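Chemist: Below: one structure in C-alpha cells.
The values are calculated or read from the model by the stated rules, or taken from the named source; none is laboratory data. Predicted, not measured: the structure shown is a model, and the values here were computed from it. Backbone-built Cβ (ideal geometry, glycine too); neighbour counts: all protein chains shown. Remember, those area values only see protein heavy atoms, side chains included, never the ligands or the DNA or RNA. Shrake-Rupley method; radii C 1.70, N 1.55, O 1.52, S 1.80 Å.
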Amino acid sequence: MAAEDDQSMIVLVTGGAGYIGSHACKALASAGFVPVVYDNLSRGHSSAVQWGPFEVGDVGDSARLEEILNKYQPVAVMHFAALAYVGESVTDPASYYQNNTRGSLQLLDALRRNGIRNIVFSSTCATYGVPSRVPITEQDLQAPVNPYGASKLMVERMIKDFAAAYDMRYMILRYFNAAGADAEGDIGEDHTPETHLIPLAVEAALGKRESLTVMGNDYPTGDGTCIRDYIHVTDLAEAHVIALKKLLAEGESHEVNLGTGCGFSVREIIGKVDEITGTPVPVVHGQRRPGDPPELVADVTRMKSLFNWQPVCSDIDTIIHSAVKWHSKQ
C-alpha cells in the first residue's frame, strides 16, 4: 500500500478471489474503497483479483492474519472465506466445521486483538433449514438441516458474542441464491466442481456438459422440484457496499436477508434457459440431494427498508442472460 492511501477506505476481503467475493471487490472499488483480498485459492481464482492488493493466506493461519492486519490496518472486514457446497458438507462435515467455523473463530480473534471492530459476514439462508413458512423473515427459527448451514449459524453466534463482549459491530447478510455474472464480463461464476443450477443448465444447453441432473422431482412443490430465490451477484455485491457504509456511518449491528422475494422452481429455471439459449437443456433425473429444503424464498421487507434499496438486475431473464454471456466466452 502507498503511504498516502486513506486507511479509512481499506477493507480486508477474505475469500475475495471467489465468485461473490470478487464481485464485492469490484463494487467496493467502484464506491471508492480499497479492497485487499485475502484468499488461500483453494476454491478461488487469482485472475478474479483485479481491484486491489492480493495477499495469499488462510483465515485459519493466525500469524499470517496478524501480519496482514498490521500491514493494512483495515477499517472493516468482509468475510466471504468458506466452503459452500451443501452436499459436500453432508459427506465431509469435518472440513466445514474446520474451515467455516474454526477459521472464522481465528479471524474474529485476530480482529479483536487488533482493534478492528467492523465485520460484514457472508451468511446464508441455509441457516433457516426447512422453514415453517415462506417467505422467510430474519426473525424466523434458524434450524439448519445440513452441516454447511450449521457451520454458518455457529459463526453468526460467535460474531454476536464477540460484539457483545468486545465492542464489535456487524452486518450479518443471509443470502438466498446468488446467480448471474458481471455485466462487463470481467468476472463470473467459475466453480470446480460446479453445483449451482443456473450455470449447470447453461453449460448443458451450450453443449459444455452432457446433461443436467435434476436432483429430485418429488418435493412438495407445484412441479415436484425445489424452489429457490435467485439474486444477481452484482446486486448482492452492491448490497454489501450499502451494508458496509451503513455500519461505518451508524455503528448499529443488523441481520438482513438478501434475496428478491420471488421463487422459481428447478423446472422453471430450465424452461427459461431453454427459451434464452434457444436450445433445450438435456435433462436426466437423479435422487434428492441430502440436506436440500423444498422451498427457500426471502422476505425482503427489512432489506428494502433498512438499506433503502432493492435489487436492480435480479429479474430471472437478466440473471440467465448474463450467465449465458459469461459461459459462452469461457
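Chemist: First obtain the Kirkwood hydrodynamic radius of region 60-177 from its Cα pairs, then insert it into the Stokes-Einstein equation at 10 °C and 1.306 mPa s, and state the resulting D in µm² per second as a whole number.
Modeler: Roughly 107 µm²/s, to the nearest whole number.
Chemist: Checking the a/c ratio against 1.5 first, then a/b against b/c, what shape does the Cα gyration tensor give for region 110-222? Display every interim value, and only then the final one.
Modeler: Working: a/c = 2.82, a/b = 1.56, b/c = 1.81.
The shape class here is oblate.
Chemist: Restricting to the chain, what percent of DSSP beta bridges are antiparallel, rounded to 5?
Modeler: Details: 2 of 39 bridges.
Around 5 percent of the beta bridges assigned by DSSP in the chain are antiparallel ones.
Chemist: Ignoring ligands, DNA and RNA, please state the percent of accessible area on the chain from carbon and sulfur, probe 1.4 Å.
Modeler: 49 percent
Chemist: As an exercise, use a Förster radius of 22 Å and the Cβ-Cβ distance of Gln330 and Leu41 to find the FRET efficiency, rounded to the nearest 0.05.
Modeler: Once the sixth-power term is evaluated, E becomes 0.75.
Chemist: For region 175-330, what is the accessible area per residue in Å², given a 1.4 Å probe and the full set of protein chains?
Modeler: Counting only protein heavy atoms, the per-residue value for region 175-330 is 43 Å².
Chemist: Okay, moving on. Which of the lysines could a cross-linker bridge to Lys208, judged by Cα under 26 Å and excluding same-chain residues fewer than eight apart?
Modeler: Reachable lysines: Lys272, Lys325, Lys329.
Chemist: While we're here: If R₀ is 22 angstrom, what is the calculated FRET efficiency for the pair Arg157 and Trp309, using the beta carbon separation as r and rounding to 0.05?
Modeler: Working from the Cβ atoms, E equals 0.20.
Chemist: For Phe80, what accessible surface area do you get with a 1.4 Å probe? Give it in Å², rounded to 10.
Modeler: 20 Å²
Chemist: Taking Cα pairs under 8 Å and at least six residues apart, what relative contact order does the chain come out at, in percent?
Modeler: Values: 682 pairs, mean separation 63.0, N = 330.
The value is 19 percent.
Chemist: Here's another thing I want to ask about it. Output the relative contact order of region 1-108, whole-number percent, from Cα pairs under 8 angstrom with separation of 6+ residues.
Modeler: Contact order relative to length: 30 percent.
Chemist: Protein chains only, probe 1.4 Å: how do Ser328, Ser95, Ser104 rank by accessible area, largest first? Please report the intermediate quantities before stating the final value.
Modeler: On the way: Ser328 70, Ser95 35, Ser104 5 Å².
Ranked from most to least accessible, the order is Ser328, Ser95, Ser104.
Chemist: Report D for the chain in µm² per second (integer): Stokes-Einstein, Kirkwood Rh on Cα pairs, 20 °C, 1.002 mPa s. Spell out each step's value before the answer.
Modeler: Details: Rh = 20.0 Å.
The Stokes-Einstein estimate is 107 µm²/s.
Chemist: Got a number for the accessible area of Asp92? Probe 1.4 Å, square angstrom, nearest 10.
Modeler: 60 Å²
Chemist: State whether region 9-76 is rounded, prolate or oblate according to the following rule on the C-alpha gyration tensor (a ≥ b ≥ c being the square roots of its eigenvalues): a/c under 1.5 gives rounded; otherwise a/b larger than b/c gives prolate, and the remaining case gives oblate.
Modeler: Judged from the Cα gyration tensor, region 9-76 comes out oblate (a/c at least 1.5, b/c at or above a/b).
Chemist: Can you give the alpha-carbon Rg of region 218-317 over 2.2 N^0.38 Å, where N counts its residues? Working shown, then result.
Modeler: Working: Rg = 16.7 Å, N = 100, 2.2 N^0.38 = 12.7 Å.
Relative to the 2.2 N^0.38 Å estimate, region 218-317 comes out at 1.32.
Chemist: State whether region 140-295 is rounded, prolate or oblate according to the following rule on the C-alpha gyration tensor (a ≥ b ≥ c being the square roots of its eigenvalues): a/c under 1.5 gives rounded; otherwise a/b larger than b/c gives prolate, and the remaining case gives oblate.
Modeler: On the way: a/c = 2.54, a/b = 1.68, b/c = 1.51.
Verdict is prolate for region 140-295.
Chemist: Follow-up question, since we're still on this one. Have a look at Val11, Val77, Val90 and tell me which one the Gaussian network model of the chain (Cα, springs below 10 Å) gives the largest fluctuation.
Modeler: So, out of Val11, Val77, Val90, the one fluctuating most is Val90.
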